[in-house]
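Student: I have a structure I would like to understand better, so I am pasting it below and will then ask my questions one at a time.
The values are calculated or read from the model by the stated rules, or taken from the named source; none is laboratory data. All of these numbers come straight from a predicted model, not from anything done at the bench. As a convention, Cβ positions derive from the backbone with ideal geometry for all residues, glycine included, and neighbour counts pool all protein chains shown. Accessible surface is based on the protein model in full, side chains and every heavy atom, while ligands, DNA and RNA are left aside. Shrake-Rupley method; radii C 1.70, N 1.55, O 1.52, S 1.80 Å.
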Amino acid sequence: MTIASDPKMIPQSGLLSAEANEAAALAAFGGVLTVDLDAIIANWRKLEKTAVPAECSAVIKADAYGCGAAQVARALHKAGCKTFFVATIEEARKVRAAVPEPTIYVLGGYFQNTGEHYAQINCRPVIGDLNELAEWDVFCRRTGWNGGAAIHIDTGMNRLGLTLAEAQAIIPRINAGDHGITLVMSHLVSAEQLNSPVNAKQLAAFRGIASEFSGVPAALANSSGIFLGAPFQFDLVRPGAALYGVNPTPEADNPMQPVVDLKARIVQIRNIERGESVGYGGTWTARRPTKLAIIAVGYADGYFRAASSNDGTRGAEVIVAGKRCPVAGRVSMDLIAIDITDLPPNAARRGHMVTLIGEGITVDELAHHFGTIGYEVLTSLGQRYARVYKGGNVEEPLTLPSSAQAAEQPPVEQPASPPPLPS
């Protein structure tokens, strides 16, 4: 990968190999997030195989759970994924610029006077309220747009969606034909809990109402729901976090491949004496002469303060020179301290990279230390990392943080003009 904005501007004698050019770029950054697109594809294919004959879509909201929506969409579409779900119309716009052909659903609902935005990029709202449905109908009648929409039915989440009674009330519209509804869906509350009675209750409610939407495909299962078995899979499944390596079956081993590798740079090695404290509040005290590595990452980068340690509680660990080493003291905004006393002399030096996710440290393990779930870990990964994409059979450029990217990368090609609205 080359990051030169114009190779002609570099003297021929100074040209670097792609690998050397990339290494030179990465050296300027405190952290590097590597996303394995081949692993995402493998996870999608495993989920697809588990759900056969249902179609396997991909949820790529929140920038594909922090992994890069455009890059993930391109890789998955090339692998055969035909349907994507995002949360907002702006997310849909970015995905459509990356992949012109697939179906894109917007989960966040329909707002009045936004119909033109859906039509311009040919994506579909997920409608979960009768007012939304009325407003969507007005837009479609006024413009002649027939791009389709999904109906979201609430079967127990009590968040978004028509009630069962409201869904029943629109059945005559479905039976009348030419209704423009391309999907009926609901969302599971406790899919990761195999024996939750809520699962069976939601399944029965959704099966009953979906069967009345004659000829309309149905979707219920999220990542964990896929593993509840065939009755939950219907016509289409909607995996999200599992694509990115989060365990969809927390009561069993993770069937997914890890996707992200996160490394950060050592900015200083320092020695402290027994009895000295480390970090804000002085909550961690050295019990022996201690060697510390100070790492260029902190909670501003999505490495949560909850991973801190103190004199009574061990915090998270990182991999330094192939071995696990504990966090020493509080995680601060830009830095963490790591106890590397037990490493061989000179095993870690200023400028070396350590591993925060990868080499056996999973997203789910880090989530445990953060007191949260893998979803939040991934979507919190900060914007100061250089991002490297590998695999996917797609040529993806090295992605630098925004300020550096503006200086290093060529201008982004603008997508083609959207198709006109029907007259």
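Student: Does ALA87 satisfy the condition of being farther than 23 Å from TYR389 by Cα, at pLDDT 95 or above and within 14 Å of the chain's Cα centre (by Cα)?
Tutor: yes
Student: Any residue at all in the range 159-182 that's closer than 26 Å to ALA70 by Cα, open to solvent by 20 Å² or more (accessible area, probe 1.4 Å) and at pLDDT 95 or above?
Tutor: Yes: one or more hits.
Student: Do you know which residues across the range 53-73 are among the acidic types (Asp, Glu) and either within 23 Å of LEU183 (Cα to Cα) or touching a Lys or Arg at 6+ places or on another chain (Cβ under 8 Å) (or both)?
Tutor: Scanning the range 53-73 gives a single hit, GLU55.
Student: Do we have SER190 as in contact with a strand residue (DSSP E or B) (Cβ under 8 Å, 6 or more places away or on another chain), among the hydroxyl-bearing types (Ser, Thr, Tyr) and closer than 25 Å to GLY66 by Cα here?
Tutor: no
Student: Can GLU273 be described as open to solvent by 10 Å² or more (accessible area, probe 1.4 Å), of a type outside the set (Lys, Arg) and either more than 30 Å from ARG330 (Cα to Cα) or touching a His at 6+ places or on another chain (Cβ under 9 Å) (or both)?
Tutor: It is false that GLU273 is open to solvent by 10 Å² or more (accessible area, probe 1.4 Å), of a type outside the set (Lys, Arg) and either more than 30 Å from ARG330 (Cα to Cα) or touching a His at 6+ places or on another chain (Cβ under 9 Å) (or both).
Rundown of residues vs (1) surrounded by fewer than 18 Cβ atoms within 10 Å (Cβ to Cβ); (2) under 30 Å from ALA119 (Cβ atoms), yes/no style:
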site	(1), (2)
GLY31	no, no
LEU37	no, no
ALA42	yes, no
PRO53	yes, no
ALA75	no, yes
ILE89	no, yes
ARG96	no, yes
PRO100	yes, yes
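Student: Which members of the range 183-197 meet the condition of being in contact with a Leu (Cβ under 9 Å, 6 or more places away or on another chain), open to solvent by 30 Å² or more (accessible area, probe 1.4 Å) and hydrophobic (A, V, I, L, M, F, W, C)?
Tutor: Correct list: LEU194 only.
Student: Also, I was wondering about something else. Within the range 323-338, work out how many residues are part of a loop (DSSP other than H, G, I, E, B) and not basic (Lys, Arg).
Tutor: So the count comes out to 7.
Student: Hey, could you check the range 344-385 for residues that are polar (S, T, N, Q) and assigned to a loop (DSSP other than H, G, I, E, B) and say which is most open to solvent (accessible area, probe 1.4 Å)?
Tutor: Filtering the range 344-385 for residues that are polar (S, T, N, Q) and assigned to a loop (DSSP other than H, G, I, E, B), the one most open to solvent (accessible area, probe 1.4 Å) comes out as GLN383.
Student: If you don't mind, there's one more thing I want to ask. Count, please, the residues in the range 307-322 that happen to be hydrophobic (A, V, I, L, M, F, W, C), assigned to a loop (DSSP other than H, G, I, E, B) and within 13 Å of LEU366 (Cα to Cα).
Tutor: Residues meeting the conditions: 1.
Student: Scanning for something within 20 Å of LEU236 (Cβ to Cβ), open to solvent by 10 Å² or more (accessible area, probe 1.4 Å), touching a residue at least 60 places away in the same chain (Cβ under 8 Å) and in contact with a Leu (Cβ under 7 Å, 6 or more places away or on another chain), does the range 63-70 turn up at least one residue?
Tutor: Yes; the residues of the range 63-70 include at least one that is within 20 Å of LEU236 (Cβ to Cβ), open to solvent by 10 Å² or more (accessible area, probe 1.4 Å), touching a residue at least 60 places away in the same chain (Cβ under 8 Å) and in contact with a Leu (Cβ under 7 Å, 6 or more places away or on another chain).
Student: If a residue has to be in a loop (DSSP other than H, G, I, E, B), over 29 Å from ILE336 (Cα atoms) and either of a type in the set (Asp, Glu) or touching a helix residue (DSSP H, G or I) at 6+ places or on another chain (Cβ under 7 Å) (or both) to count, how many in the range 235-248 make the cut?
Tutor: 4
Table: residues versus (1) under 26 Å from ASP36 (Cβ atoms); (2) β-branched (Val, Ile, Thr).
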site: VAL72; (1), (2): yes, yes
site: PRO100; (1), (2): yes, no
site: GLY109; (1), (2): no, no
site: GLN112; (1), (2): no, no
site: ALA119; (1), (2): no, no
